[in-house]
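A.B. asks: Quick one: the structure is below, questions incoming.
What follows draws every value from the coordinates through simple rules; no lab data is involved. Everything quoted here is computed from the prediction, not taken from an experiment. As a convention, Cβ positions derive from the backbone with ideal geometry for all residues, glycine included, and neighbour counts pool all protein chains shown.
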Amino acid sequence: MLGIRDESLIKGIILTVVKDSGPEIVANLSPIPEENALITSLHMVSLAGLEEETRDDDDSKLIGPLPVKGTSEYKSLYYSNNFKVADDVKDERLKLHGTKVGVILLFDAEKLPAIRRAAGLIEPYLEMHLNKISDTSDITKEFATGIRDKIIEIVTKPRIRTFWMDEDGGIYEYKDANYVQKSDDVLILDENEKRIYVITQKGTSVFTTREMMNRVSEMNMNMYQGAFKIVKLEDFQEIEPILIKHNIKVTS
């Protein structure tokens, strides 16, 4: 059992693999005991299985916040995906269908708004990092330590985030913050300067723009407790310097 430094938003990580007898703990880099880590992972695997039955292919695989066994101090996020099993596994079902590898991230319950802000950064990294492994033999304590350290860096370092909006009320984060679509209504979120830049299309109606600004205000309140200044950019002479400053390219 290994705790993570107090100032970090992420307080622990538990890495699990589902085997013949159920989920097994590969690494418990968290402040909770092994028994509670195992019970928590059992709950996560069961819940994720239920969610998969109703989840569309493009839905998020990161679920939570969820309770942590034995404590009210922490909540958790859970991400899982299916992987090929190592050659030494004997269970034919696992050889045929693969098995689940799960990552449980622990955080202070009182930090939920900050975790909501960070979730859009965490999931793409977990997806990318886990896709690098070939089979479950690559799932080790060292692998868990690497994930933990990178996620701590991601959620603590101010960065640029970009989003696009639709007329139905959705706000969606681009996977690559350096590229936005020319035809989209776009948000550029500067965590360092605490500003949200709103860029709408010329053809977007005044009514739709007003609704979008309301949603951006809600996003600012939910994710940053209203601490960011919202700036509406309309003139190209205002927009271009922001794009250049943050190395954001516009694609067709």
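A.B. asks: I'd like the antiparallel share, as a percent to the nearest 5, of DSSP beta bridges with both residues in the stretch 160-251.
C.D. replies: Rounded to the nearest five, the antiparallel share is 65 percent.
A.B. asks: Given a Förster distance of 25 Å, report the FRET efficiency between Glu24 and Asp176 from their Cβ-Cβ distance, rounded to the nearest 0.05.
C.D. replies: The value I calculate is 0.10.
A.B. asks: Between 0 and 90 degrees, rounded to the nearest ten: what's the tilt of helix 141-156 against the longest Cα principal axis of the chain?
C.D. replies: It works out to around 20 degrees.
A.B. asks: Which of the peptides 126-134, 110-118 is most tightly packed, and how do the rest follow, going by the mean number of other Cβ atoms within 10 Å of each residue?
C.D. replies: 110-118, 126-134
A.B. asks: Quick one: helix 34-52 against the long Cα principal axis of the chain, what's the angle to the nearest 10°, folded into 0 to 90?
C.D. replies: 60
A.B. asks: Next question, about the same structure. Could you tell me whether the stretch 130-170 comes out rounded, prolate or oblate from its Cα gyration tensor? Rule is a ≥ b ≥ c as square roots of the eigenvalues, rounded for a/c under 1.5, then prolate if a/b exceeds b/c, otherwise oblate.
C.D. replies: oblate
A.B. asks: Counting other C-beta atoms within 10 Å, and keeping those with at most 14, which DSSP coil trypsin sites (Lys or Arg not before Pro) do you find in the stretch 178-252?
C.D. replies: Lys182, Lys194, Lys202
A.B. asks: Also, I was wondering about something else. Summing -39500 (n - 2.57) over the DSSP H runs of n ≥ 4 in the chain and dividing by its residue number, what mean residue ellipticity at 222 nm do you reach, to the nearest 500 deg cm²/dmol?
C.D. replies: Helices in the chain give a 222 nm mean residue ellipticity of -11500 deg cm²/dmol.
A.B. asks: Relative to the first principal axis of the alpha-carbon coordinates of the chain, what is the inclination of helix 206-224, with its axis defined by its Cα atoms, in degrees from 0 to 90 and to the nearest 10?
C.D. replies: Computed tilt is about 40 degrees.
A.B. asks: Rank these for me by crowding, Val198, Val68, going from fewest to most other beta carbons within 10 Å.
C.D. replies: Val198, Val68
A.B. asks: Further, regarding this structure: Under the rule of at least 5 residues apart or a separate chain, name every residue whose amide H is placed under 5 Å from the amide H of Lys69.
C.D. replies: Close amide H contacts, sequence-distant or interchain: Thr40.
A.B. asks: What is the extension gain from Arg195 to Ile230, computed as 0.36 nm multiplied by their sequence separation minus the C-alpha to C-alpha distance, in nm to one decimal?
C.D. replies: 12.0 nm
A.B. asks: Compare Ile104, Ile151, Ile230 in a GNM of the chain, Cα atoms joined below 10 Å, and give the one with the largest fluctuation.
C.D. replies: Highest fluctuation of the listed residues: Ile230.
A.B. asks: Is the stretch 160-251 best put as rounded, prolate or oblate by its Cα gyration tensor, with a ≥ b ≥ c the root eigenvalues, rounded for a/c under 1.5, and otherwise prolate when a/b is larger than b/c, oblate when not?
C.D. replies: Because its axes are fairly even, with a/c under 1.5, the stretch 160-251 counts as rounded.
A.B. asks: Another question, if that's okay. When every alpha-carbon pair in the chain is counted, what percent end up more than 29 Å apart?
C.D. replies: That fraction is 38 percent.
A.B. asks: Using the charge dipole of the chain (Lys, Arg: +1 at Cβ; Asp, Glu: -1 at Cβ; taken about the Cα centre), state which of Leu47, Val231, His129 has its Cα farthest towards the positive end.
C.D. replies: Going by the Cα projections, it comes out as Val231.
A.B. asks: Further, regarding this structure: Which whole-number percentage describes the relative contact order of the chain, with Cα contacts under 8 Å and a sequence gap of 6 or more?
C.D. replies: With pairs under 8 Å counted, the relative contact order is 16 percent.
A.B. asks: In addition: Give the relative contact order (percent, whole number) for the stretch 160-251; include only Cα pairs under 8 Å separated by 6+ residues.
C.D. replies: For the stretch 160-251, the relative contact order is 30 percent.
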